[in-house]
Structure formats: structure tokens, C-alpha cells
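Peer 1: Here it is: the structure, laid out below.
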Amino acid sequence: MTTLAQADTVPAEHEGHLPGTPEFRRVLTALFAAGIATFVLLYDTQALLPDLSRAFHVSPAASTLSVSAATIGLALALLVFGPLSEAVGRTVLIRFSMAASAVLAIICAAAPDWDSLIALRLLAGVALAGLPAVATAYLREEMHPSAQARAAGIYIGGTAIGGMAARIVTAPIAESAGWRWALVAAAAVSTACAVVVAVTLPPSRHFVPTRLRGRTVLAMQRRALADPALLALYALGACAVGALVAVFNAVGFRLTGAPFHLGVGLVSLVFLTYPLGTVSSTVSGRLADRLGRRAIAPIGCAVAFGGVLLTLTGSLPVVIVGIAALTVGFFCVHGLASGWVTARSHASGASPSQAAAFYLFAYYIGSSVFGSLGGRAWSAGGWPGVVTVAGSLLGIAGVLALLLRRIPPLVAPRTSG
């Protein structure tokens, strides 16, 4: 008998790596490190936005392009890397992504002008796409079904640590040595993570290559866009991350101004809330293995929404608590949704890597488009404008999470025998 916690998951077609085995630990170590590297390089300019605005004489809204360019590049590349992984393999793309993005990170630090920096950030986003395009599909193929939500939560936890490191590493260095040296430090972190991935990531045991043809790719895309639950999950990820990035894009401008007047280095300490995202994604993954993703996702949306409302206060400690709650709620939602997409797509007969690519395309478009609204809302309406944007997005996310509870679950048919 299938329980709710097992719905939209994959039956044990193969044994897969079980918790406690050396292979399980190697996979999680590699993807945890890769998640750190990806988010360090994706968001290493976010804490530097006030510095970049002054250095290049651009507006606060324009400075957010240094973040949006990378996320747009990543989003577009996902549509290519997702299908490509079906032919060349998951581990090949993961290793390529880590190496190429580390090289581009160094080049970004030497950008001579604003236009060059934006173009390089766009290319860096393209290079980074190799990991998120295949990570959850790799976990679905290689991990035992009973541990897939947990494994996805730990991987997302690595991205949370990377998101924190992107700000904690860069901001103090920028304050003392300038933004270029801050980007060099971020590149050093990503290079170290790339080495960890190269050494520890096990080869795929259950990947079966598919010959790519235009008709095959189109069929894969149609199936990944035919299921209403998958469409809801794509939109859920876009709205949730848009709210998070809108707040974090604008929070530096708020805390360096009245009434707080904090330095860039002190503002970066706000990002110490990110490890809570690691805990949140891991714990919510464990709960989802027992209770089902449908039961936990709406709670994550509610926690994030409440956190955004708390940031309206003029008390710095309460603002930090609000940002912490937003972080906890967001990583709960994203950790569940990203694993849910690959499980649901497999159960519906769609390609997990193609569905994951569409989810992440929506996710990073949401980060780019909705996230940039944070800077515009700050310029137009101050912090209440930012809260209005983020709160509206989280309200939509909450409605989508509740609608997902009404969509019948699917269970992949077991193989004969």
C-alpha cells in the first residue's frame, strides 16, 4: 500500500546508495561542495552591490544586474544542459561546470568596466548551469528511494552554505581591500570545492545514455510541460526565490542607510542566517520522507511570509529574526520542490533531467526578474515597497503549495518481476 510520503517517488528499481555507506557519503560530500561553489559564484556580488554602485557610478537598481546577469545566463543554459546530460552523462557536466566556472570567476575580478563585468557574469552563469541541471536527476538515479528527499535536502543545504559564504567572504574583504579582491576570494573558495568534487564524486552506476534527436527533445519537453503539478512546482520555485532575492538585493541598501548606518562588513553578518537554510532543507527533507512533501511545503511558505513581515520593524534584532525566518521557509520550500519535480516527472513518464531543467529555468528567471524588483522597489518605495513585492510573491507561492495538495499523487509503475 502506497503512503502519502511515498507518493510521487520512485520504487526501488535498483538498490541505490543507502545512508551510512561510503558511496552515500561520497555523493553527498561532492554535491554539498558543488552546491557551495555554485552559490558562492552566483551571488558573490550581492553583498557588494553598494560598492559596485559607487565604483561604476550606476544606480542601485542597475547594480543588481551583476546578480541577474549570472542567473539569467544560468537559466538559459539549463534548457541546453538538461537534455545534453541525457547523452553525455551527469558527472561529466558536473565536473565541467565546476572547472569552467572557477576560471571565469578569476576573470570577473579583472573586469575593466561595467559592461565587461556584466558580460562575464552572464558567461559565468552559463558555466554554472552544469550542476543544477543534473544534480537532482543524479540523486534520483543513484540514491536509494527511501533517502532521496533527504539527499536532495542536504544538497540544497550546500547551496545555502554557499549563499552565506558568497556574502560573508566577499563583504569584509571588499571593505578592506576592494571588490576585486573580494571576487578573487570567492574564486578561491570555488576552486577548492571543484577539487573536492573531482576527487569524491562517484561515477554514475545507473545512468543510461540517450541519443539526442530534435524530435526526442521536443517530446521530452512536452511531457515535462503537460503535468499541472509540475507546472505548479515550476511557478512555486520562481515565486519563492524571487521573494528571497528581492529582500537580499535590497537589504544592504537599507542597513547601510538610516536608521542603522552599518558598514558593508557588518551588513554581511546578516547572511549568517543562511546556515539555518541548511538545517531547514535537511530537516524538511527528513519530514517529507515520513509525512509527504504536500504536508510540509505550505508550512515553509507561511514561515517565509511571516519573516518578511517582521522586517518592517525598525528594530535591528527583529529585522534579523525576520530574515532568518524568510531563509528557513525558503529553503524548506526549495528543497522539497526541487526533489519533488524529479520524482513527479519520473512517475508521470517525463524526463527527470528535462523537468529539473524547466524547474530551475523558472527558478532562476524568478531570481533574475522578481529579484531585480527588489532594487526597483527600494528606489521607488523604500523598504515597505520591498516587503510588498516579496510578500506578494510568497502569497502566490503559498496558494500554489495548497493547490498541490489537491492534485492526485502519482506512483511510478514497478518493473515486472
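Peer 1: What residues qualify as long-range amide H neighbours of H17, i.e. H under 5 Å apart, gap of 5 or more or another chain, H built at 1.01 Å from N?
Peer 2: Close amide H contacts, sequence-distant or interchain: M143, H144.
Peer 1: To the nearest Å, what is the center-to-center distance of the stretch 236-288 and the stretch 98-129, using C-alpha atoms only?
Peer 2: 24
Peer 1: Just need the relative contact order of the chain here, percent rounded to a whole number, with Cα pairs under 8 Å and 6+ apart.
Peer 2: 28
Peer 1: Subtract the Cα-Cα distance of R180 and A87 from 0.36 nm times their separation in residues, and report this length gain in nm to one decimal.
Peer 2: Details: separation 93, 0.36 × 93 = 33.48 nm, distance 3.81 nm.
Here the segment from R180 to A87 would lengthen by 29.7 nm.
Peer 1: Next question. Picking from L276, L262, Y43, whose Cα lies most toward the positive end of the charge dipole for the chain (charges on Cβ: Lys, Arg +1; Asp, Glu -1)?
Peer 2: Of the candidates, L276 comes out farthest on the positive side.
Peer 1: What helices does the chain hold that run 20 Å or longer along their axis, going by alpha-carbon atoms, with a Kyte-Doolittle average of -1.0 or more, using DSSP H for the helix calls?
Peer 2: 22-42, 65-88, 90-109, 114-128, 148-177, 179-200, 228-256, 275-291, 293-310, 316-348, 352-406
Peer 1: Another question about this same structure. Below 8 Å between Cα atoms, with a sequence gap of 6+, how large is the relative contact order for the stretch 319-417 in percent?
Peer 2: This gives 25 percent for the stretch 319-417.
Peer 1: Using a Förster radius of 60 Å, what is the FRET efficiency between A192 and A302 based on their Cβ-Cβ separation? Nearest 0.05, please.
Peer 2: Here the calculated transfer efficiency is 0.95.
Peer 1: Per residue of the chain, what 222 nm ellipticity follows from adding -39500 (n - 2.57) for every DSSP H run with n ≥ 4, rounded to the nearest 500?
Peer 2: Value at 222 nm, helices only: -27000 deg cm²/dmol.
Peer 1: Another question about this same structure. Please find the FRET efficiency linking A226 to L403, where r is the Cβ-Cβ separation and R0 is fixed at 25 Å, and quote it to the nearest 0.05.
Peer 2: The computed FRET efficiency comes out at 0.90.
Peer 1: Which one of S146, S68, S284 has the biggest mean-square fluctuation once the chain is modelled by GNM with Cα springs under 10 Å?
Peer 2: Residue with maximal mean-square fluctuation among S146, S68, S284: S146.
Peer 1: In addition: Given F96, F24, V308, which one lies farthest toward the positive end of the charge dipole of the chain, if we put +1 on the Cβ of every Lys and Arg and -1 on the Cβ of every Asp and Glu?
Peer 2: F24
Peer 1: Ok, one more. Full-extension gain between V103 and T388, please, as 0.36 nm times their residue separation minus the C-alpha to C-alpha distance. Please report the intermediate quantities before stating the final value.
Peer 2: Working: separation 285, 0.36 × 285 = 102.60 nm, distance 3.85 nm.
Going from the current span to full extension adds 98.7 nm.
Peer 1: Charges only on Cβ, +1 for Lys and Arg, -1 for Asp and Glu: so what's the dipole of the chain about the Cα centre, in debye to the nearest 20?
Peer 2: It works out to roughly 720 debye.
Peer 1: Could you tell me the ratio Rg/Rh of the chain? Both radii from Cα atoms, Rh via Kirkwood. Let's see the in-between values first.
Peer 2: On the way: Rg = 20.1 Å, Rh = 21.0 Å.
Here the Rg-to-Rh quotient is 0.96.
Peer 1: Now for a separate question. Counting only heavy atoms of the protein chains, get the accessible area per residue of the chain (1.4 Å probe) and round it to a whole Å² value.
Peer 2: On the way: 15050 Å² over 417 residues.
Heavy-atom accessible area per residue stands at 36 Å².
Peer 1: Which whole-number percentage describes the relative contact order of the stretch 82-143, with Cα contacts under 8 Å and a sequence gap of 6 or more?
Peer 2: Reported as a whole number, the value is 47 percent.
Peer 1: Another question about this same structure. Rounded, prolate or oblate: pick one for the stretch 57-105, where a ≥ b ≥ c are the square roots of the eigenvalues of its C-alpha gyration tensor, a/c under 1.5 means rounded, and failing that, prolate if a/b is larger than b/c, else oblate.
Peer 2: It comes out oblate by the Cα gyration axes.
Peer 1: Within the stretch 267-282, list the residues whose amide N lies under 12 Å from a label point set 7 Å along Cα→Cβ of F260.
Peer 2: Label zone hits: 267-273.
Peer 1: Shifting gears a bit: Cut-off 10 angstrom, C-alpha nodes, Gaussian network model of the chain. Which of D227, D113, D289 fluctuates the most?
Peer 2: D113
Peer 1: Rounded to a whole number, what % of the accessible area of the chain do carbon and sulfur atoms account for, probe 1.4 Å?
Peer 2: Working: 10400 of 15050 Å².
Reported share for carbon and sulfur atoms: 69 percent.
The values are calculated or read from the model by the stated rules, or taken from the named source; none is laboratory data. Bear in mind that the values here come from a model prediction, so they are computed numbers and not experimental data. Every residue, glycine as well, gets a Cβ built from its backbone with ideal geometry; the counts of neighbours run over all protein chains shown. Accessible surface is based on the protein model in full, side chains and every heavy atom, while ligands, DNA and RNA are left aside. Shrake-Rupley method; radii C 1.70, N 1.55, O 1.52, S 1.80 Å.
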